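Colleague: Handing you this structure, nothing more for now.
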Amino acid sequence: MKTSEEYRESLRRMRPNIHKFGELIEDVTVHPSTRRTVEGHAQIFDAALKEEYSNLLTTTSHLTGKRVVRYLSIIRNAEDMINNCRMKRLMFNLTGTCTGGRCAGFNGINAMWSATYDMDQELGTDYHLRLTNWFIGAQEADITLAGALTDPKGDRSRPASQQDDPDVNLRVVERRDDGIVVRGAKVMICGIAAANEIFILPGTGYQEPEKDYAVSFAIPRDIENLTIIEARHPSDRREEEEGFDIPVDHGGITQAYLLFEDVFIPNERVFMCGEYNYSGKAVMNFIAPYRAAIGGCVAGQGDLMIGASMLIARANGLHEKVFKDKINQMAINNETTFGMGVAASALGKLHPSGVWVPDMLLSNVNKVHVATLPYETKRLAQEIAGGIAETGCLPSYMDIKDPKYGSLLKKYLKANTDGETRARIARLIEWLTIGAGVPGCMHGGGSPDGARLMINLNSNLQAYVDMARRVGGIKEDIPAPEKKR
Ligand SMILES: Cc1cc2nc3c(=O)[nH]c(=O)nc-3n(C[C@H](O)[C@H](O)[C@H](O)COP(=O)(O)OP(=O)(O)OC[C@H]3O[C@@H](n4cnc5c(N)ncnc54)[C@H](O)[C@@H]3O)c2cc1C
């Protein structure tokens, strides 16, 4: 396994192909737009070496018997999956933000582990063998692997084959003896600047007319003909003026647009090409672990919000007991999403490929909670903090340090701690509630309405009707009325 410095060095060796604000980023490890996300991911390497965290962040490869980072492992039982939830909580505790340049890739491998197995068993392909070989190499090199499912999609009411522009979903445009050529895009992909490779999966389940869109593969992040645009972020370009943005130095979520202009992928890195019947299964097996474990992410950030709220209360001169009910509610929210994820993990099933798939119903219920409860936790943190933690109510670090009036600002920011400390806590709360922000709570891992649809599909509602009839002694059959036109 790499050290954090070896990891940074691996990124420095890559071909620059990431742009932002019209500029080509030459070195992602030092550029202000990307270095924070790199540093967040670098902390995984440092923490994995520490005794207190190594059991959570590393595991034994079932393929080689060697110690590997958990992000490059197959989830083989409930304990592995619960450890995934705990690992995500830990990473938020350590960084205050998302290290999504590893977790979506981790889920992608696990989703395709079962899909490739099924294809090989039922169609006689060799995708599972290819994936296994590639994966052993990935473990050996200890790569950081981002995951990309989300296509631009175009008009949401139409399938990929009926879009005006066929490229708005990533597709195969050429099949060669030695590989395939793909064109299109994947958008809003987490932690790309911090990644060595990207794992691509279909964005949805496809039908026969969309078979060219049913494609999965792994690529080096700097592959020829791939252009990457980093999305703008609220914390951009603040560091020159905001010395208070401490978490920003340690981590930072970024999303990127991946533009594929006829990218060639050699066969040994292709894990699905045209098998549209298996695309839906691959997506399902992605969302089950993702939507279970994301409860750990938001709980991890919620833990920090509780700590920061208590600090600001004290800094304001109030005992945190004044806010006991609010802090309790924050804890309830955190443990609800974490606990739902653990429950979904515990009640999963083993797929014949050896991968453990969390319970679909509970994972999706968790996704809906994840899209709801953290917003309340953030609101409570802001309510406890006072106006100082809301955007625009705190002078910049530069002004607080100004030789002419900085001491006056500090004098008037002082309450129960010195002014600079209080301002620092306020900036942390601003960062946690509206900066690092909403760590993919709403749409990361898919929209909550998509999860609601899955809840509906996985709930046996008629069984509840029968149950109620039996308990209530209702003899008459009451079928659902015909839909009125
Ligand atoms: C912080 C963050 C990190 C992310 N990281 C990654 C990543 O690492 N990798 C990755 O692949 N993706 C990533 N994503 C993208 C994420 O998976 C998508 O945002 C999500 O799947 C929703 O897709 P969308 O944004 O296109 O929204 P849309 O699909 O446009 O949804 C918008 C709304 O319309 C509704 N809707 C959509 N289609 C229909 C329809 N046909 N009928 C009725 N209602 C509809 C949805 O339910 C939703 O309410 C990330 C997103 C965020 C916010």
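The values are calculated or read from the model by the stated rules, or taken from the named source; none is laboratory data. Computed from a prediction, not measured in an experiment: that's the story for all the values here. Methodologically, a virtual Cβ is constructed for each residue, glycine included, from the backbone with ideal geometry; neighbour enumeration extends over all protein chains shown. Please note that ligands, DNA and RNA were not included when accessible areas were found on the heavy atoms of the full protein model with its side chains. Shrake-Rupley method; radii C 1.70, N 1.55, O 1.52, S 1.80 Å.
Colleague: Go through the range 125-212 and tell me which strands (runs of 3 or more DSSP E), entirely inside it, have 3 or more residues that are within 15 Å of the ligand (Cβ to nearest atom) and within 21 Å of Met1 (Cβ to Cβ).
Modeller: 145-148, 197-200
Colleague: Moving to a separate point now. Output the residues belonging to the range 400-447 that are of a type outside the set (Val, Ile, Thr), touching a helix residue (DSSP H, G or I) at 6+ places or on another chain (Cβ under 6 Å) and more than 30 Å from Asn334 (Cα to Cα).
Modeller: Across the range 400-447, the qualifying residues are Gly406, Leu409, Lys410, Leu413, Gly419.
Colleague: Return only the number of the condition from (1) within 16 Å of the ligand (Cβ to nearest atom); (2) hydrophobic (A, V, I, L, M, F, W, C); (3) modelled with pLDDT of 90 or more that Trp431 does not satisfy.
Modeller: (3)
Colleague: For the range 455-477, state whether one or more residues are within 16 Å of the ligand (Cβ to nearest atom), open to solvent by less than 80 Å² (accessible area, probe 1.4 Å) and not hydroxyl-bearing (Ser, Thr, Tyr).
Modeller: Yes, the conditions are met somewhere in the range 455-477.
Colleague: I'm checking my understanding of the structure. Among residues of the range 316-357 that are open to solvent by 40 Å² or more (accessible area, probe 1.4 Å) and touching a strand residue (DSSP E or B) at 6+ places or on another chain (Cβ under 7 Å), which one is nearest to Gly302 (Cα to Cα)?
Modeller: Out of the qualifying residues, it is Trp356.
Colleague: Collect the residues in the range 49-78 that are of a type in the set (Ser, Thr, Tyr) and more than 25 Å from Asn285 (Cα to Cα), keeping them in residue-number order.
Modeller: Passing the criteria: Tyr53, Ser54.
Colleague: Scan the range 213-227 for residues that are touching a residue at least 60 places away in the same chain (Cβ under 8 Å), outside any loop (DSSP other than H, G, I, E, B) and more than 13 Å from the ligand (Cβ to nearest atom) and report the count.
Modeller: 5
Colleague: Looking only at residues in the range 1-32 that are over 17 Å from Asp222 (Cβ atoms) and small (Gly, Ala, Ser), which one is farthest from the chain's Cα centre (by Cα)?
Modeller: Going through the qualifying residues, I end up with Gly22.
Colleague: While we're here: For the range 238-273, which residues satisfy the criterion of being surrounded by fewer than 17 Cβ atoms within 10 Å (Cβ to Cβ) and either modelled with pLDDT of 95 or more or in contact with a Cys (Cβ under 6 Å, 6 or more places away or on another chain) (or both)?
Modeller: Hits for the range 238-273 are Glu261, Asp262, Phe264, Pro266, Asn267.
Colleague: Separate question: Among residues belonging to the range 116-139 that are among the small types (Gly, Ala, Ser) and farther than 18 Å from Pro352 by Cα, point out the one that is nearest to the chain's Cα centre (by Cα).
Modeller: It comes out as Ala138.
Colleague: Among the residues of the range 358-394, what is the count of those that are open to solvent by less than 40 Å² (accessible area, probe 1.4 Å), out of contact with any strand residue (DSSP E or B) (no Cβ under 9 Å at 6 or more places or on another chain) and not in a helix (DSSP H, G or I)?
Modeller: The number of residues fulfilling the criteria is 3.
Colleague: Mind listing whichever residues of the range 128-140 are open to solvent by less than 40 Å² (accessible area, probe 1.4 Å) and among the polar types (S, T, N, Q)?
Modeller: If the condition is that a residue be open to solvent by less than 40 Å² (accessible area, probe 1.4 Å) and among the polar types (S, T, N, Q), then Thr132, Gln139 are the ones that fit.
Colleague: Within the range 141-157, which residues are open to solvent by 30 Å² or more (accessible area, probe 1.4 Å) and in contact with a strand residue (DSSP E or B) (Cβ under 7 Å, 6 or more places away or on another chain)?
Modeller: Thr150, Pro152
Colleague: Against the conditions (1) at pLDDT 95 or above; (2) crowded, with 21+ Cβ neighbours inside 10 Å, where does Glu174 fall short? Just the number, please.
Modeller: (2)
Colleague: Still on this model: Restricting attention to the range 83-127, and to residues there that are of a type in the set (Val, Ile, Thr) and buried (at least 24 other Cβ atoms within 10 Å of the Cβ), which single residue is modelled with the lowest pLDDT?
Modeller: Here is the first cut: in the range 83-127, the residues of a type in the set (Val, Ile, Thr) are 95, 97, 99, 109, 116, 125.
Of the ones still in play, those that are also buried (at least 24 other Cβ atoms within 10 Å of the Cβ) are 95, 97, 99, 109, 116.
Details: Thr95: 86, Thr97: 81, Thr99: 87, Ile109: 98, Thr116: 98.
Across the range 83-127, the extreme among qualifying residues is Thr97.
Colleague: If you don't mind, another one. It is to be established whether one or more residues within the range 399-412 are under 20 Å from Gly96 (Cβ atoms), open to solvent by less than 20 Å² (accessible area, probe 1.4 Å), over 21 Å from the mean Cα position of the chain (by Cα) and more than 16 Å from the ligand (Cβ to nearest atom).
Modeller: Looking for residues that are under 20 Å from Gly96 (Cβ atoms), open to solvent by less than 20 Å² (accessible area, probe 1.4 Å), over 21 Å from the mean Cα position of the chain (by Cα) and more than 16 Å from the ligand (Cβ to nearest atom), one finds none in the range 399-412, hence no.
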